[in-house]
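To keep things clear, I will list the structure first and then write my remarks on it.
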Amino acid sequence: MVPLLVPAAGSGRRMGADRNKLLLPLGDRPVLHYTLAAALAATTIGEVVLMGQEKDFPAFAEIVEALHPVKPVRWVVGGATRQASVYAGLMALPASTTGVLIHDGARCLATPALFDRCAAALAHREGLVAAVPVKDTIKEVVNEKVVGTPPRDRLWAAQTPQGFAYAQIVAAHRQALVEGWEVTDDAALFEKLGWPVAIVPGEETNLKITTPQDLAIARFLLQAHCQNQP
Ligand code: CTP
Ligand code: MG
């Protein structure tokens with residue numbers, strides 16, 4: 001059993017909505033409902049800690065209550081950046097924690113199987129990231145000019161869950177505070193320290209809800225999934 005941290009303290013600036021994008025409706029439930037439902041259905045997740053803004057806590061309580069969880073779910077105050085929110089979550093776990101999974105609240109279509117795959121891999125890895133091979137040809141651009149085309153067979157799109165040995169990810173976050181490193185995912189801290197990060201096969205449908213277009217795609221995928229259910 002492994003604890004799961006869910007960063008949910010953003011404001012969804014790129015979504016352009018009047019509130020945290022995780023509280024926007026997707027079908028008949030808020031985005032965060034689907035993220036939590038999948039996490040709670042994963043057999044390897046022992047407890048869930050949400051990091052949020054205090055003003056969203058009543059909405060979190062409603063979402064969690066509606067899920068009737070049989071595992072502990074609690075929420076703590078997040079920070080001004082995703083990185084600070086994850087650190088707040090790490091500090092909310094007992095010092096005896098051995099491993100931890102971290103999964104963005106905004107990735108609401110991750111399946112229970114993906115959580116379980118990552119938790120299983122964490123038994124013999126100190127750092128891991130769910131990822132999928134990149135399909136597009138990627139251009140590196142500086143000042144609107146293409147300066148390079150990295151070989152595609154080496155490119156993977158990083159997702160969450162990401163998983164880490166607890167003592168190491170705490171040490172990595174503390175080092176980041178000292179050095180002033182700012183990163184957009186936790187695996188990047190391991191990379192900066194030269195610590196190994198393994199790939200776990202992610203899911204093509206595990207998109208991150210960032211813009212209104214993502215919300216429309218997620219709605220479509222969710223409907224398609226429901227139609228495929230027996
Ligand atoms: N997040 C967080 N604390 C922050 C910022 C972000 O916990 N201070 C969370 C978000 O709630 C989200 C995840 O980190 O689940 C990934 O962040 P992102 O997709 O960038 O969400 P937002 O920061 O809310 O969106 P934007 O960058 O468009 O404002
Ligand atoms: Mg953000």
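The values are calculated or read from the model by the stated rules, or taken from the named source; none is laboratory data. Note that the coordinates shown come from a computational prediction; the quantities given were computed from them, not determined experimentally. Here Cβ is always computed from backbone atoms with ideal geometry, including for glycine, and neighbour counts include all displayed protein chains. The accessibility values were calculated without ligands, DNA or RNA, using every heavy atom of the protein model including side chains. Shrake-Rupley method; radii C 1.70, N 1.55, O 1.52, S 1.80 Å.
Within region 51-85, the set of residues being within 16 Å of ligand 2 (Cβ to nearest atom) and either closer than 12 Å to PRO7 by Cβ or of a type in the set (Gly, Ala, Ser) (or both) comprises MET51, GLY52, GLN53, GLY78, GLY79, ALA80, THR81, ARG82, GLN83, ALA84, SER85. Per the listing ALA59, ALA39, the residue uniquely within 14 Å of ligand 1 (Cβ to nearest atom), open to solvent by less than 20 Å² (accessible area, probe 1.4 Å) and part of a helix (DSSP H, G or I) is ALA39. Scanning region 100-117 turns up one or more residues that are among the basic types (Lys, Arg) and open to solvent by less than 40 Å² (accessible area, probe 1.4 Å). For region 6-17, give me each residue that is outside any helix (DSSP H, G or I) and either more than 16 Å from ligand 2 (Cβ to nearest atom) or over 22 Å from TYR166 (Cα atoms) (or both). The answer is GLY10, SER11, GLY12, GLY16, ALA17.
One residue alone among PRO7, PRO3 is farther than 23 Å from PHE220 by Cα, touching a Lys or Arg at 6+ places or on another chain (Cβ under 6 Å) and buried (at least 17 other Cβ atoms within 10 Å of the Cβ), and that residue is PRO7.
Look at LEU177 and say whether it is under 26 Å from ALA42 (Cβ atoms), of a type in the set (A, V, I, L, M) and in contact (Cβ under 8 Å) with a residue 60 or more places away in the chain.
Numbers: under 26 Å from ALA42 (Cβ atoms): no; of a type in the set (A, V, I, L, M): yes; in contact (Cβ under 8 Å) with a residue 60 or more places away in the chain: yes.
Taking the combined requirement at face value, the residue does not satisfy it.
Starting from residues that are in a loop (DSSP other than H, G, I, E, B) and either open to solvent by 40 Å² or more (accessible area, probe 1.4 Å) or among the polar types (S, T, N, Q) (or both), keep the ones in region 18-30 and report whichever is nearest to ligand 1 (Cβ to nearest atom). The qualifying residue nearest to ligand 1 (Cβ to nearest atom) is ASN20. Of the residues in region 136-145, not one is open to solvent by less than 10 Å² (accessible area, probe 1.4 Å) and either within 18 Å of LEU40 (Cβ to Cβ) or at pLDDT 95 or above (or both). Here region 84-99 is the region considered, the condition is being of a type in the set (A, V, I, L, M) and in a loop (DSSP other than H, G, I, E, B), and the residue that is most open to solvent (accessible area, probe 1.4 Å) is ALA95. Screening region 202-230 for residues that are of a type outside the set (A, V, I, L, M), touching a strand residue (DSSP E or B) at 6+ places or on another chain (Cβ under 9 Å) and surrounded by 14 or more Cβ atoms within 10 Å (Cβ to Cβ) and picking the one that is farthest from GLY27 (Cα to Cα) gives GLY202.
Residue-by-condition table, conditions (1) more than 19 Å from the chain's Cα centre (by Cα); (2) among the hydroxyl-bearing types (Ser, Thr, Tyr); (3) more than 15 Å from ligand 1 (Cβ to nearest atom):
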position: GLN175; (1), (2), (3): yes, no, yes
position: TRP195; (1), (2), (3): yes, no, yes
position: ALA198; (1), (2), (3): no, no, yes
position: ILE217; (1), (2), (3): no, no, no
position: PHE220; (1), (2), (3): yes, no, yes
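Within region 180-198, if we keep just the residues that are of a type in the set (A, V, I, L, M, F, W, C) and in contact (Cβ under 8 Å) with a residue 60 or more places away in the chain, the residue that is nearest to GLN83 (Cα to Cα) turns out to be VAL183.
Looking across THR81, THR44, one residue alone is away from ligand 1 (no atom under 16 Å from the Cβ) and either of a type in the set (Phe, Trp, Tyr) or surrounded by 13 or more Cβ atoms within 10 Å (Cβ to Cβ) (or both). It is THR44.
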